[in-house]
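Structure first, commentary second.
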Amino acid sequence: MPQRNNVIAFVPAHNEANIIRSTIESILTQTVNVDVLVISDNSTDNTVSIVRSMAATNSRVSLIETVGNKYKKSGALNTAYQNVDLDSYDYVLSVDGDTVLAPDLVEQALVEFQLDPLLGAVCSRAGVVKQETNGFFEKLVYHWQYVEYAEFDRSRVSQDRGIKVAHGMCTAYKVEAIKAVMDRRIATGKLDCAVYDVHNITEDYELTVTLKELGYHIAAGFGMYAWTDVPLKLKELWKQRVRWLRGGLDTLWEHGWNKSTRKDILNAGFFWIMLSFQIILLYYALYDIVRGVYLPNRVFILVMSIMYIDCVYTLRYVQNPSKWDYLVRMTFIPQLFYAWFTIAQLVYAYYLFLFRPNQDW
């Protein structure tokens with residue numbers, strides 16, 4: 001009997017009227033047939049009316065509106081799992097409402113599953129949608145992230161079948177693996193968490209860790225292209241990244257030291273070692289300047305040279321790089337500012353983790 005490849009896409013959406021049509025169309029035009037379930041989570045714009053109009057002309061599109069959901073994306077996705085007969089499908093594709101897929105993304109995902117029987121989830125490459133920017137600073141913030149998302153892809157190359165996180169923007173899950181997670185939730189008493197842990201603000205990372213603990217492989221499909229919106233305001237970017245980082249720390253604390261988390265815990269400790277080293281290096285550089293020594297010492301030059309080479313090398317993984325992407329990385333100074341901005345995010349995330357136990361969505 002040939003293997004079924006029945007796929008359903010869950011699309012959680014909150015006020016995505018500007019892009020939701022493009023998202024759904026990119027799923028419907030896949031080289032493999034995919035059903036689409038949009039979960040409108042407390043939308044106040046035209047998201048619902050757009051989806052309804054599409055559902056009226058295509059039987060593969062359906063809509064659910066959440067009622068009383070206070071857990072945002074994880075609650076919306078759990079609503080989908082509670083309303084769909086998983087026995088009718090082999091794979092679930094989770095796609096953010098602001099994400100657009102390449103036409104063969106699902107086909108590429110199915111190839112990955114066929115190559116590895118233990119594969120529980122495979123995520124797309126991390127691409128960024130072309131966005132209109134207003135002014136120099138928004139353009140800078142956009143291209144910081146445009147290249148940074150390529151860094152995410154770069155990091156996954158070396159992680160093979162054990163990537164850190166199958167990201168929320170676009171990941172395909174084997175239904176068998178999802179059912180194992182459901183059983184795990186029931187066994188651990190998390191009856192309000194059908195699949196996603198609603199008490200964790202980084203639902204994709206927590207689910208990834210849970211799948212690893214259940215013995216599943218997690219991979220990135222480098223033939224799976226998808227593109228998502230990114231925040232253009234520094235305040236919005238700060239809030240997004242602090243949430244990601246804080247949720248990651250909560251996940252590691254919740255799951256503790258085990259085979260699936262030890263590498264991430266060690267990396268968290270390594271961050272403080274590297275931060276201390278950078279502060280010491282910066283101190284001596286500034287001390288030399290105060291003393292009137294304007295030629296940096298050899299260690300400083302060596303470290304900065306390594307950082308510069310690494311910074312520029314990432315351009316290799318950027319999809320269709322523009323002159324702005326080259327400018328941000330090759331001039332180096334803008335990237336240094338962004339690097340310290342990301343360090344500040346992680347330090348603040350640690351502060352929230354240690355002293356603010358109530359998580360903020």
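Every residue, every condition in (1) surrounded by 14 or more Cβ atoms within 10 Å (Cβ to Cβ); (2) part of a helix (DSSP H, G or I), yes or no:
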{"position": "Ile301", "(1), (2)": "no, yes"}
{"position": "Tyr308", "(1), (2)": "yes, yes"}
{"position": "Val312", "(1), (2)": "yes, yes"}
{"position": "Leu315", "(1), (2)": "yes, yes"}
{"position": "Phe337", "(1), (2)": "no, yes"}
{"position": "Trp340", "(1), (2)": "no, yes"}
{"position": "Ala344", "(1), (2)": "no, yes"}
{"position": "Tyr351", "(1), (2)": "no, yes"}
{"position": "Pro357", "(1), (2)": "no, no"}
- request: Go through the residues of the stretch 258-279 one by one and say whether even a single one is touching a residue at least 12 places away in the same chain (Cβ under 8 Å), buried (at least 19 other Cβ atoms within 10 Å of the Cβ) and over 27 Å from Arg161 (Cα atoms).
  value: no
- line: Checked Ile27, Ile64 against criteria (among the hydrophobic types (A, V, I, L, M, F, W, C) and more than 21 Å from Thr228 (Cα to Cα)); the one match is Ile64
- prompt: Of these, Asp87, Asp98, which one is within 16 Å of the chain's Cα centre (by Cα) and open to solvent by 20 Å² or more (accessible area, probe 1.4 Å)?
  reply: Asp98
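Okay, residues lined up against (1) crowded, with 23+ Cβ neighbours inside 10 Å; (2) closer than 20 Å to Pro117 by Cβ:
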residue	(1), (2)
Ala172	yes, yes
Thr188	no, no
Glu206	yes, no
Leu249	no, no
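Name the residues in the stretch 111-128 that are of a type in the set (A, V, I, L, M) and either surrounded by fewer than 19 Cβ atoms within 10 Å (Cβ to Cβ) or on the phi > 0 side of the Ramachandran plot (or both), would you?
Of the stretch 111-128, the ones of a type in the set (A, V, I, L, M) are 111, 115, 118-119, 121-122, 126, 128.
Val111, Leu115, Leu118, listed by residue number.
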task: Sort through Leu77, Leu86, Leu63 and tell me the only one that's within 19 Å of His167 (Cα to Cα), among the aliphatic types (A, V, I, L, M) and modelled with pLDDT of 95 or more.
output: Leu77
field: Residue satisfying all of: in the stretch 152-186; assigned to a helix (DSSP H, G or I) and of a type in the set (D, E, K, R); farthest from the chain's Cα centre (by Cα) among these
entry: Asp183
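The values are calculated or read from the model by the stated rules, or taken from the named source; none is laboratory data. Owing to the predicted nature of the structure, the values given are computational and were not obtained by experimental measurement. Positions of Cβ are generated from backbone atoms using ideal geometry, with glycine treated the same way; all protein chains shown enter the neighbour counts. Ligands, DNA and RNA are stripped out before the accessible areas are found, and what is left, the full protein with its side chains, is counted by its heavy atoms. Shrake-Rupley method; radii C 1.70, N 1.55, O 1.52, S 1.80 Å.
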